[in-house]
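Engineer: If you scroll down you'll find the structure; I have some questions about it.
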Amino acid sequence: MRFAFFDAKPYDKPSFEKYGAENGVSFKYFETKLNEDTAELARGFDGVCVFVNDVVNAAVIDKLCELGVRVVALRCAGFNNVDMKYAFGKIHVLRVPAYSPYAVAEHAIAMLLTSVRRIHKAYIRTRDFNFSLSGMTGFDLHGKTVGVIGTGRIGRVFIDICRGFGMKVLAYDKFPAEEIADGETVRYTDLDELFEKSDIISLHCPLTDDTYHVIGKEALERCKKGVVIINTSRGALVDAEALLAAIKSRKVGAACLDVYEEESELFFEDFSGHIIDDDILARLISMPNVIVSSHQAFLTEEALSNIAETTVKNIVGFFRDQQCPNELCFRCGSAEDCKSGKCF
């Protein structure tokens, strides 16, 4: 089993080499992203292994099928970069539904604490031997209300951490996990109440038609003055232009962004010696109350190992056992994980 591995980074290779060698799967690593111009690189391979900023649209799917590629193995949970409706009946799509929910949830909390306690500012100041506390006042998390949109594996871990801080949780999910709600510290509600009553809002949901720009102009207008927005999920959950306007008007007190809706040509690369053309991102980064990290919430040793292990197991399951529980299927319910593994 030979796979073309797109958007490869040095930190990807050790785990994939280990699990690939143990299971008879070989990877050819390409630094370039998969798109219409690079799909030809998949010639001669059984499948492609792709990440969040690779493009698997109709044109790419047609090219892969023309080349005899049977499988798209996503090494991530999200699949908004795949045209699932067009892929149905043409190519099999496998994903990693969970790798380390702790990695992402802990990163969200780390960004929140860094922001509200001004740790990033203190780090810069003290390196210049500036020990002034002027402008460094933060606020306690204890007793605050956090709105959590999305209560899957990551959202639930995030909620557990927030409860440890003594926070109250307002949760929203299209498919509530009622067992986590006790009616006091954790309570499910609708988005309107979540926006109106939350001091902090953290996003832990997939990007779908329903969640696109769930944090937009209207939602921000309903939020408390000084609300903190955290996004470690998908960039397009937040309307970046509306967020920037809300920060400038002082409606949003702080933003912690690990993802950005126009990140595909920027994140994971070094542009330190270049002028960035994206004015919205540049202005967000320039704001003193905005922290941007480069889609690194997943990046822990444990998560990288889990991603590689699950991806290889998916590939082996498909080719060797003709069934993979992590196959995505448009027929089986709006691109949810395939229950049969035999849709085509």
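The values are calculated or read from the model by the stated rules, or taken from the named source; none is laboratory data. Note that the structure is a prediction, hence the values are computed from the model and not measured. Here the Cβ is made from the backbone with ideal geometry for all residues, glycine too, and neighbour counts use every protein chain on show. Please note that ligands, DNA and RNA were not included when accessible areas were found on the heavy atoms of the full protein model with its side chains. Shrake-Rupley method; radii C 1.70, N 1.55, O 1.52, S 1.80 Å.
Engineer: When the residues of segment 246-255 are filtered to those that are assigned to a loop (DSSP other than H, G, I, E, B) and touching a residue at least 24 places away in the same chain (Cβ under 8 Å), which remaining residue is least open to solvent (accessible area, probe 1.4 Å)?
Structural biologist: Top of the filtered list is Lys251.
Engineer: Sticking with this one: Quick check: is even one residue across segment 111-121 touching a residue at least 12 places away in the same chain (Cβ under 8 Å) and touching a Pro at 6+ places or on another chain (Cβ under 7 Å)?
Structural biologist: Among the residues of segment 111-121, not one is touching a residue at least 12 places away in the same chain (Cβ under 8 Å) and touching a Pro at 6+ places or on another chain (Cβ under 7 Å), which makes the answer no.
Engineer: So which of Asp209, Asp173, Asp258 ends up being surrounded by 23 or more Cβ atoms within 10 Å (Cβ to Cβ) and within 27 Å of Cys76 (Cα to Cα)?
Structural biologist: Of Asp209, Asp173, Asp258, the one residue that is surrounded by 23 or more Cβ atoms within 10 Å (Cβ to Cβ) and within 27 Å of Cys76 (Cα to Cα) is Asp258.
Engineer: Just to check your reading of the model, which residue among Phe268, Phe298 is surrounded by fewer than 17 Cβ atoms within 10 Å (Cβ to Cβ), within 16 Å of Phe51 (Cβ to Cβ) and not β-branched (Val, Ile, Thr)?
Structural biologist: Details: Phe298 fails: surrounded by fewer than 17 Cβ atoms within 10 Å (Cβ to Cβ).
Matching residue, one of Phe268, Phe298: Phe268.
Engineer: Let me ask something else about it. Being assigned to a helix (DSSP H, G or I), of a type in the set (A, V, I, L, M) and closer than 29 Å to His120 by Cβ is the filter here, so list the residues in segment 138-181 that pass it.
Structural biologist: Ile154, Val157, Ile159, Ile161
Engineer: Within the set of pairs 6 or more residues apart or between chains, which connect a residue that is of a type outside the set (A, V, I, L, M) inside segment 160-179 to a residue that is open to solvent by less than 80 Å² (accessible area, probe 1.4 Å) and part of a helix (DSSP H, G or I) with Cβ atoms less than 7 Å apart?
Structural biologist: Every condition considered, the pairs that remain are Tyr172/Leu191; Tyr172/Leu194.
Engineer: Also, quick follow-up: Does Gly164 qualify as being closer than 26 Å to Leu237 by Cβ and either open to solvent by 80 Å² or more (accessible area, probe 1.4 Å) or modelled with pLDDT under 95 (or both)?
Structural biologist: no
Engineer: So the check is Cβ under 8 Å with 6+ separation or different chains; which pairs have a first residue in segment 268-287 that's more than 22 Å from Ile247 (Cβ to Cβ) and a second one that's assigned to a loop (DSSP other than H, G, I, E, B)?
Structural biologist: Hits for this filter: Phe268/Asp7; Phe268/Lys9; Phe268/Asn53; Phe268/Ser294; Phe268/His295.
Engineer: What is the number of the single condition among (1) surrounded by fewer than 19 Cβ atoms within 10 Å (Cβ to Cβ); (2) out of contact with any Ser or Thr (no Cβ under 7 Å at 6 or more places or on another chain) that Val157 does not meet?
Structural biologist: It is condition (1) that Val157 fails.
Engineer: Still on this model: All but one of (1) more than 12 Å from Ile201 (Cα to Cα); (2) open to solvent by 10 Å² or more (accessible area, probe 1.4 Å) hold for Leu243, so report the exception by its number.
Structural biologist: (2)
Engineer: Right, another one. Going by what's in this entry, would Asn130 be described as closer than 30 Å to Thr311 by Cα and either open to solvent by less than 40 Å² (accessible area, probe 1.4 Å) or out of contact with any strand residue (DSSP E or B) (no Cβ under 7 Å at 6 or more places or on another chain) (or both)?
Structural biologist: Values: closer than 30 Å to Thr311 by Cα: no; either open to solvent by less than 40 Å² (accessible area, probe 1.4 Å) or out of contact with any strand residue (DSSP E or B) (no Cβ under 7 Å at 6 or more places or on another chain) (or both): yes.
No; evaluated as a whole, the condition is false for this residue.
Engineer: In this structure, is Pro288 part of a loop (DSSP other than H, G, I, E, B) and either touching a strand residue (DSSP E or B) at 6+ places or on another chain (Cβ under 8 Å) or at pLDDT below 90 (or both)?
Structural biologist: no
Engineer: Hey, among Thr300, Thr310, which residue is within 17 Å of the chain's Cα centre (by Cα) and on the phi < 0 side of the Ramachandran plot? Step through it out loud before you land on a result.
Structural biologist: On the way: Thr310 fails: within 17 Å of the chain's Cα centre (by Cα).
Thr300 is the lone residue from the list that is within 17 Å of the chain's Cα centre (by Cα) and on the phi < 0 side of the Ramachandran plot.
Engineer: Out of the residues in segment 182-204 that are modelled with pLDDT of 95 or more and in a loop (DSSP other than H, G, I, E, B), which is most open to solvent (accessible area, probe 1.4 Å)?
Structural biologist: First, pick out the residues of segment 182-204 that are modelled with pLDDT of 95 or more: 185-204.
Filter once more, keeping what is in a loop (DSSP other than H, G, I, E, B): 185, 189-190, 198-199, 204.
Numbers: Thr185: 50, Thr189: 24, Asp190: 81, Ser198: 0, Asp199: 39, His204: 20 Å².
So the residue we want is Asp190.
Engineer: Next question. Would you check if there is a residue in segment 223-237 being open to solvent by less than 50 Å² (accessible area, probe 1.4 Å), in a helix (DSSP H, G or I) and in contact with a Ser or Thr (Cβ under 8 Å, 6 or more places away or on another chain)?
Structural biologist: Residues of segment 223-237 open to solvent by less than 50 Å² (accessible area, probe 1.4 Å): 223, 226-237.
So of that shortlist, the ones also in a helix (DSSP H, G or I) come out as 235-237.
Filter once more, so that each one left must be in contact with a Ser or Thr (Cβ under 8 Å, 6 or more places away or on another chain): 237.
Scanning segment 223-237, I find at least one residue that is open to solvent by less than 50 Å² (accessible area, probe 1.4 Å), in a helix (DSSP H, G or I) and in contact with a Ser or Thr (Cβ under 8 Å, 6 or more places away or on another chain), so the answer is yes.
Engineer: Separate question: How many residues does segment 47-79 contain that are over 12 Å from Phe5 (Cβ atoms) and of a type outside the set (A, V, I, L, M)?
Structural biologist: So the count comes out to 11.
Engineer: Kindly indicate whether any position in segment 39-48 is in contact (Cβ under 8 Å) with a residue 40 or more places away in the chain and within 20 Å of Asn81 (Cα to Cα).
Structural biologist: Taking every residue of segment 39-48 in turn, at least one turns out to be in contact (Cβ under 8 Å) with a residue 40 or more places away in the chain and within 20 Å of Asn81 (Cα to Cα).
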